[in-house]
Every structure is written in structure tokens, then in C-alpha cells.
Amino acid sequence: MLDVARRHRVCTSLVYRWRRTLLRDGVASEALPLPGAAFVPVEVANVPMAPQPEPLGPGVVEVVGPAGQRIRLAPPIDARVLKAVLAGFA
């Protein structure tokens, strides 16, 4: 308990109080020794990657709709055009 209190810069009595409260309320149980380091099996799914869009040029605005559709506007961008594009996604 002393090591934990020092590591987290709290009073040792607080650590004991928190532990007692957690044990009393059934949130925690008596600490069991932790196992050493171990490997865990991992399975990598064979999922094809989605194609990445080409990078945007300077000043280009890309609008992505809710269904994934993309519209790119190159400068100069007219505010009325941008407003119409955004309204089309609503």
C-alpha cells in the first residue's frame, strides 16, 4: 500500500480507506497475485482496405456526405455554390 500511495502522491490512509470501501461495497475482492507477462493469441482479419482518396491541393474543400459521397471544390469557391452543395446533403 505504501508503494501505491507514494507512486500516486496520496496519503497511505486514503489508499486503505478506498480499499476498505471497495471491499465493503463488493466492487473489489481481495487482491489475487497477478500473472506474469504472457502472450495472447491474435487473429488478423483479411479485410480489404478501402481506397484512399487523392490528397487535396491547396485551398481545396472536400465535403463528405452521410452516405460517403465526396464533393471537392477548388478555389476560388463561391459562397453560394458552397451553400447549395451543403444544402444538397441535408
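The values are calculated or read from the model by the stated rules, or taken from the named source; none is laboratory data. Just so it is clear, the model here is predicted, and its values are computed rather than measured. Methodologically, a virtual Cβ is constructed for each residue, glycine included, from the backbone with ideal geometry; neighbour enumeration extends over all protein chains shown. The accessibility values were calculated without ligands, DNA or RNA, using every heavy atom of the protein model including side chains. Shrake-Rupley method; radii C 1.70, N 1.55, O 1.52, S 1.80 Å.
Using the structure shown, decide if V85 is touching a residue at least 12 places away in the same chain (Cβ under 8 Å) and out of contact with any Lys or Arg (no Cβ under 7 Å at 6 or more places or on another chain). It is true that V85 is touching a residue at least 12 places away in the same chain (Cβ under 8 Å) and out of contact with any Lys or Arg (no Cβ under 7 Å at 6 or more places or on another chain). Scan the range 53-66 for residues that are within 17 Å of A87 (Cβ to Cβ) and open to solvent by 90 Å² or more (accessible area, probe 1.4 Å) and jot them down. If the condition is that a residue be within 17 Å of A87 (Cβ to Cβ) and open to solvent by 90 Å² or more (accessible area, probe 1.4 Å), then P66 is the only one that fits.
Residues that are surrounded by fewer than 10 Cβ atoms within 10 Å (Cβ to Cβ) and either in contact with an Asp or Glu (Cβ under 9 Å, 6 or more places away or on another chain) or hydrophobic (A, V, I, L, M, F, W, C) (or both) within the range 67-90 comprise A67, R70, A79, A87, A90, listed in sequence order.
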